[in-house]
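Asks: Quick one: the structure is below, questions incoming.
Please treat every number below as a calculation from the coordinates, not as lab data. This is a predicted model, so every value here is computed, not measured. Glycine also receives a Cβ, built like all others from the backbone with ideal geometry; neighbour counts cover every protein chain displayed.
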Ligand SMILES: Cc1cc2nc3c(=O)[nH]c(=O)nc-3n(C[C@H](O)[C@H](O)[C@H](O)COP(=O)(O)O)c2cc1C
């Protein structure tokens, strides 16, 4: 099948777009507002976009609390979402009023960060402390800006629970990261394999 997105007439029961762009990592974003209150919510419009400098982004459909807090404070934290935290993560996505902590709603523990004022999720095995470098509302082809708010941050500090380290490497089969598929579907990464990049165009990657 093929359809054009201009009128989005895919003829399917549900829009397939987000199911195709998947699995998406989930940035579990914690922030602290100017009044000191904290916020925690999952964002699957999330990814790393550069290694040097280390930049990550999340995109908020409208100016939600996480984006507003990150922009106002200039800081946010990305906590690693894992299989064992799936239910807590889902609870933290509840539309709580600004100022109400989703840490409490989800039964999670706040741990202090080193370089930013926002807390991290103590139960999560990894967290990235970030400072906002820029934010913007992306444009569509036709020109007008969308309602989405993209927040980009530079990672200034990294927390890793040693339980997911083996021989100096973060082992994701131990962390069991949770990712977002389409619809209401999620996936867990447990099956990890290695491939080395070919040294030359005619080199084989087979042992
Ligand atoms: C797994 C998951 C991923 C989500 N990803 C996004 C996203 O990328 N962008 C977005 O605007 N909302 C996303 N949401 C919904 C927000 O988490 C939800 O609207 C939340 O209440 C926002 O909270 P905040 O206003 O405290 O930031 C997601 C929800 C879940 C459960």
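Asks: Just checking, how many residues over the stretch 18-65 are part of a helix (DSSP H, G or I), in contact (Cβ under 8 Å) with a residue 60 or more places away in the chain and within 25 Å of residue 145 (Cβ to Cβ)? If you could, list the steps in order and put the result at the bottom.
Replies: Residues of the stretch 18-65 part of a helix (DSSP H, G or I): 18-20, 65.
Checking the rest, the ones that are also in contact (Cβ under 8 Å) with a residue 60 or more places away in the chain come to 18-20.
Okay, now just the ones that are also within 25 Å of residue 145 (Cβ to Cβ), so 18, 20.
Matching residues across the stretch 18-65 total 2.
Asks: Being near the ligand (Cβ under 9 Å from one of its atoms) and either out of contact with any strand residue (DSSP E or B) (no Cβ under 6 Å at 6 or more places or on another chain) or within 23 Å of residue 146 (Cα to Cα) (or both), is that true of even one residue in the stretch 76-90?
Replies: yes
Asks: Pick out, from the stretch 92-207, the strands (runs of 3 or more DSSP E) lying fully within it that include 2 or more residues that are under 20 Å from residue 57 (Cα atoms). Show your work before the answer.
Replies: Working: elements: 126-136, 148-160, 178-180, 186-188.
Counting at least 2 such residues, we get 126-136, 148-160, 178-180.
Asks: Among the residues of the stretch 34-60, what is the count of those that are within 24 Å of residue 104 (Cβ to Cβ) and in contact with a strand residue (DSSP E or B) (Cβ under 7 Å, 6 or more places away or on another chain)? Before you say what the answer is, go through the steps one by one.
Replies: Taking the stretch 34-60 and keeping what is within 24 Å of residue 104 (Cβ to Cβ), we get 34-44, 46, 58, 60.
Retained after the next criterion (residues that are in contact with a strand residue (DSSP E or B) (Cβ under 7 Å, 6 or more places away or on another chain)): 38-44, 46, 58, 60.
Selection size over the stretch 34-60: 10.
Asks: Another question, if that's okay. Here are 79, 90: which of them is within 20 Å of residue 178 (Cα to Cα), touching a helix residue (DSSP H, G or I) at 6+ places or on another chain (Cβ under 9 Å), without any contact (Cβ under 8 Å) to a residue 60 or more places away in the chain and buried (at least 20 other Cβ atoms within 10 Å of the Cβ)? If you could, list the steps in order and put the result at the bottom.
Replies: Working: 90 fails: buried (at least 20 other Cβ atoms within 10 Å of the Cβ).
Every option except 79 fails the conditions.
Asks: To continue, here is another question. Looking at (1) more than 12 Å from the ligand (Cβ to nearest atom); (2) without any contact (Cβ under 8 Å) to a residue 60 or more places away in the chain, find the lone condition where residue 95 falls short.
Replies: Residue 95 satisfies every listed condition except (1).
Asks: Tell me, please, whether a residue that is surrounded by 14 or more Cβ atoms within 10 Å (Cβ to Cβ) and within 20 Å of residue 55 (Cβ to Cβ) can be found in the stretch 98-115.
Replies: yes
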